[in-house]
Amino acid sequence: MTTTQPRPTAASFSVDDWRSGYRSQPNEYSYWVTDIEGTIPTELEGTLFRNGPGLLDIHGHPVKHPFDGDGLVCSIALRNGQAYFRNRFVRTAAYLAEQQAQKPLYRGVFGTQKPGGPLANAFDLKLKNIANTHIVYWADKLLALWEAAAPHRLDPTTLDTLGLDYLNGLISPGGSFTAHPRIDPGHHGDPRLVGFSVKTGLSSTITLYELDADGNALSQHSHTIPGFAFIHDFAITPNYAIFFQNPVSFGPLPFLLGLKGAAECISFDPKQPTKILVVPRNGDPMQVIDTDPCFVFHHANAFEQDGRVVIDSVCYDSFPSLDGSSDFLEVDFDRIPAGQLWRFTLDLTAGTATVNTLVSRCVEFPTLHPDAMGRPYRHLFIGTAHGAAGNAPLQALLKLDTHTGDTQIWSAAPRGFMGEPLFVPRPQATELDDGWVLVLMYNAERQCSDLVILAGQAIAAGPIARLKLPHHVPYGLHGSFVPHYFGPEARTTAALS
Ligand code: FE2
């Protein structure tokens, strides 16, 4: 096993730099990117869509947590070595109403309150669909996702909001759809979008959906488990959907009384196991396998091999719980757990799980070749901290060879802060790491954002292109690359000047 490490520095980041990426971006832009270092590969054609909280305040009223910020979708359309940037807020009903009122009208799940204290917030259980978590393109629809409500459909070229979308009747008004659907590249034939919804309380019901390439439902089935469930992501193999029921409980009283947001009422119980829910995609009954207590937001991948099911996940020792009394900008990174990449190997016959650590340094936001989804794979790309130990913001990109354990790292420290990387295959490539990794990152030196493009087979060499945006995009969440160009016609000579 070999490791390519970034150069050591005395301090990987300054807190002020990190905080400066959490500023509202109320403006909406459309332009050709002209400040480019290096060269955008001409083979790289398509559109990067990315979602995340765009407002960290509503007309001067700060959100309590970035996850409560209204969804701001960016697109960067790439063709012939040129790039066109656009960003638009998702025009949710709540966004429009609050912008008109110029103040918060809704409580945020992560603790944002309406002005007026507990009396103004108590027993107001309305949810604000903020459409800020992910954006996917399926069956000719671009969908902005938030896991507790229905998707919003956007125009992929203009990013105009077209309205709520119920997935061809799959979900009903008032229903929800995960922010983390998975695209099965076609293990059983044609590609499928696999998604789920969760209804939780004293018991929880998970409904698994599969959509064909036209967006029509192929199957749906529900499974009920005891207890509260906080399930943000899942993993798929050709035959299974795998969920982790984190060992958390929900004490709703402070939420009901208007004292806290719902997510601030979740607490981790280290005495309880994490339950791995293995749901057969054919609708058969699920199997539950206990493992050591841990908390998972995101899974990297899963696959079936030698009669076992393997899941690679970003695991935390405990829920990185929200301290309701503090400002998220004052977070002490040393006091919250760091995510590590763990591998769970399930013996479905024995009903057991074995666990080993694949990456022990702080990681989040995994990505891999789309054709490797759900099958044995070798190469994983993931955001990581600059330092090998401890918890810190993501400032580097790590490539892991899961066969050898070798890693490559490119670090943007001390003044660069990573977003979610996305792997884009090179057309007609035969190697599953032959392509590019795209990251929309925050450059504190310029107080603006950069789109960096790295070669998948040479991560440690650093970016082959850096597109310097003339403004910042606040730290975001998830996105997708669509191999279709959704930009305007090619730049003219006049536009170049
Ligand atoms: Fe997520």
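Remarks
- Cα-based shape type of the range 354-400, given that a ≥ b ≥ c are square roots of the gyration tensor eigenvalues and the cut on a/c is 1.5: oblate
- Based on Cα contacts under 8 Å between residues 6+ apart, the range 3-496 shows a relative contact order of 16 percent.
- Taking Cβ separations below 4.7 Å as the criterion for a possible disulfide partner, the isolated cysteines in the chain are CYS74, CYS265, CYS362, CYS448.
- Computed over the range 214-330, the quotient of the alpha carbon radius of gyration and 2.2 N^0.38 Å is 1.23.
- Computed over the chain, the per-residue total of -39500 (n - 2.57) for DSSP H runs of n ≥ 4 gives a 222 nm mean residue ellipticity of -1000 deg cm²/dmol, rounded to 500.
- Computed from label points 7 Å out along Cα-Cβ, the spacing between ASP332 and HIS59 is 3.8 nm.
- Among beta bridges from DSSP that stay inside the chain, the antiparallel ones total about 100%.
- Sequence-separation-based contact order of the range 1-128, relative, with Cα cut under 8 Å and 6+ spacing, percent: 22
- Remark: spin-label model distance HIS187-GLN305 equals 1.3 nm, labels positioned 7 Å along the Cα→Cβ axis.
- Chain lengthening between THR42 and HIS403 when straightened (0.36 nm per residue, less Cα-Cα): 126.8 nm
- ASN282 paired with ASN80, simple spin-label distance in nm, labels 7 Å along Cα-to-beta-carbon: 5.1
- A full extension of the chain between ALA217 and ALA389 corresponds to an added length of 57.4 nm, given 0.36 nm per residue minus the alpha carbon distance.
- Within straight-line reach of LYS271, meaning a Cα separation under 15 Å, sit the following aspartates and glutamates at least 8 residues removed in sequence or on another chain: ASP290, ASP292, ASP317.
- Within the range 81-142, the chymotrypsin sites (Phe, Trp or Tyr not before Pro) that combine a DSSP coil assignment with at most 12 other C-beta atoms in a 10 angstrom radius are PHE123.
- Compared with the alpha-carbon gap, the fully stretched path from LEU125 to LEU202 is longer by 26.0 nm at 0.36 nm per residue.
- Alpha carbon centroid spacing (whole Å) that separates the range 31-80 from the range 270-284: 35
- Estimated translational diffusion coefficient (Stokes-Einstein, Kirkwood radius over Cα pairs, 4 °C, 1.567 mPa s) of the chain: 56 µm² per second.
- Among the listed pairs LYS64/LYS126; LYS114/LYS199; LYS126/LYS260; LYS128/LYS275; LYS275/LYS399, those whose Cα-Cα separation exceeds 19 Å are LYS114/LYS199; LYS128/LYS275; LYS275/LYS399.
- For the chain, the longest piece that avoids every one of the GluC sites (Glu not before Pro) found in DSSP loops with at most 16 other C-beta atoms within 10 Å covers 44-430.
Bear in mind that the values in this text are calculations on the coordinates, not laboratory data. Note that this is a predicted model, so its numbers are computed, not measured. Methodologically, a virtual Cβ is constructed for each residue, glycine included, from the backbone with ideal geometry; neighbour enumeration extends over all protein chains shown.
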